[in-house]
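A short write-up of the structure that comes next.
The values are calculated or read from the model by the stated rules, or taken from the named source; none is laboratory data. Predicted model only: the values in this text are computed from it and were never measured. Here Cβ is always computed from backbone atoms with ideal geometry, including for glycine, and neighbour counts include all displayed protein chains. Just the protein is used for accessible areas: all its heavy atoms, side chains included, with ligands, DNA and RNA removed. Shrake-Rupley method; radii C 1.70, N 1.55, O 1.52, S 1.80 Å.
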Amino acid sequence: MTQQQSDGPASVGPEGVGPEGGALELQRRREPFWNTSRPLRALLVAGVGAASLTALVGTAVNGVVDPEVALAFCLVIAAGELARINLPGHRESAPIALSGAIAYAYLISLGGEPVEHGVGQVVAVVALGVALGELPHVAVGRSPRVEGVARRVLTALLLAAAFRPLADHLSLTEPSILLALIMIGLIMAAWLLDVAISALLRAERLRTRPWVAAQDEARAQVATGVAIASSGVLIALACTVTGLVGLLVFSAPLLVSQVAFRRHAEVRRTYLETVRALSRVTEVGGYVENGHSRRVSRLAHGIACELGLAERELLELEYAALMHDIGQLSLREPIAGGATVLSSPREQRRIAELGSAIIRETGVLDNVAELVRRQCEPLGGDGDEGVPPLGSRIIKVANAFDDLVGDTREDERRSAVIERLRMDTGSEYDPRVVDALDRVLARG
């Protein structure tokens, strides 16, 4: 039930250049949400938008039940939306807003007095609160991910549609074990559905495999999902005894958790920015062409998504791709054009090993250092170590392609380089990686 956020492999903008990276981030800002290249997103946003508009109109016509309660929850949801955060992996989350929405969908009584608002009013209050919370963001140019907003409203809609008729049928008007079990069961089902939806949206955006995206989303959302779900249930149950005081009291712990999530995201973002700055040293020093590291990172990310690498592997690959040429700093004279693909195998190996040694000095990027160290090896490996890791094979192909093509967009030249790489598949380059690169380029 958490939403999409930032910091994933290579994103430009707040996070760097990666899974949601530079070109993809700029494309996201340019494209309208109904762009046909993302039909699932368009369908989700259109469906939730229509449901929200219908609920708002219906509530306005029929009148608001318990307007003071509706206003209190609407303001909490708006405040939570205003304080939304970007989490690692380019995911957007609004824990307080979503827990408030869940609580309002589950609210059966307030201080002992029954609450009788329907599903339509729940959707209307949540949609209005989300819209109010997003207005300041939009005013300063920080537009939300519309699919993230739609998922938050959809979660409230589904929970209200499932819970409120059931609560009326079972005459649930006060806290009980049965009530808690029903709430927990429904919220688990809603979480699983949200993970599935977010995975499909992620697979559609990144052109990766849905089951890989589902695993990534489940791992990424479990911590925030538990915090949001438990807070929503506690607020709903507390309000039955304490009234609206429970809304404020049980929102406070979630605020503390949100601060921790935000700090974690900031650390990851700072770490990525440090790696990006380090990767620029070779460009500033004239060892490689400007933009080479970022282009290789983007290509490597696209290939990795095509081959179904998990999010953790994508992040390591991004770091390695950004710093794959850092070993050139040891050269007395820069290679012409910085094209290591034109160097001798011995020189390539030396550059890779020196770059790996530099990265190992950090003490926390051993896997990245290994990817860099083995990037120049032939497909069959070098010595007794066997076949190089897939990440190293991806960097080898992406680097060779960019060394030979550069920033040109000439289709003929790109096609010629792809054919040249194909001639060395089976010996130097992994044919699966070259085929994946061809598909990535074909999509533009």
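Annotations
- If only residues of the stretch 384-424 that are touching a residue at least 24 places away in the same chain (Cβ under 8 Å) and not in a helix (DSSP H, G or I) are counted, the one that is surrounded by the fewest Cβ atoms within 10 Å (Cβ to Cβ) is Asp407.
- Hey, Glu116 open to solvent by less than 10 Å² (accessible area, probe 1.4 Å) and either in contact with a Pro (Cβ under 9 Å, 6 or more places away or on another chain) or modelled with pLDDT under 95 (or both) or not: no
- Residue tally, condition among the aliphatic types (A, V, I, L, M) and either open to solvent by 30 Å² or more (accessible area, probe 1.4 Å) or within 23 Å of Thr173 (Cα to Cα) (or both), over the stretch 189-219: 9
- Per the listing Gly148, Gly141, the residue uniquely farther than 28 Å from Asn62 by Cα and in contact with a strand residue (DSSP E or B) (Cβ under 8 Å, 6 or more places away or on another chain) is Gly148.
- Counted residues, the stretch 170-207 - those being outside any helix (DSSP H, G or I) and closer than 25 Å to Leu107 by Cβ: 6
- Condition met for Val125 (out of contact with any Gly (no Cβ under 9 Å at 6 or more places or on another chain), open to solvent by 10 Å² or more (accessible area, probe 1.4 Å), in a helix (DSSP H, G or I) and within 16 Å of Val65 (Cα to Cα)): yes
- Helices (runs of 4 or more DSSP H) wholly inside the stretch 220-318 containing at least 2 residues that are surrounded by fewer than 19 Cβ atoms within 10 Å (Cβ to Cβ) and among the acidic types (Asp, Glu): 252-279
Residue-by-condition table, conditions (1) modelled with pLDDT of 85 or more; (2) surrounded by 18 or more Cβ atoms within 10 Å (Cβ to Cβ); (3) out of contact with any helix residue (DSSP H, G or I) (no Cβ under 8 Å at 6 or more places or on another chain); (4) aromatic (Phe, Trp, Tyr):
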residue	(1), (2), (3), (4)
Gln328	yes, yes, no, no
Gly338	no, yes, no, no
Glu347	yes, no, no, no
Ala357	yes, no, no, no
Arg374	yes, yes, no, no
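- Qualifying residue in the stretch 84-106 (condition: open to solvent by less than 10 Å² (accessible area, probe 1.4 Å) and over 28 Å from the mean Cα position of the chain (by Cα)): yes
- When residues of the stretch 52-75 are limited to those that are of a type in the set (Gly, Ala, Ser) and surrounded by fewer than 20 Cβ atoms within 10 Å (Cβ to Cβ), the one nearest to Val245 (Cα to Cα): Gly63
- Candidates Arg420, Arg393, Arg414 - the one that is modelled with pLDDT of 90 or more, more than 20 Å from Ala352 (Cβ to Cβ) and under 32 Å from the mean Cα position of the chain (by Cα): Arg414
- Scoring Val48 on the criteria (1) at pLDDT 95 or above; (2) within 16 Å of Ala236 (Cα to Cα); (3) open to solvent by 10 Å² or more (accessible area, probe 1.4 Å) leaves a single failure, condition (2).
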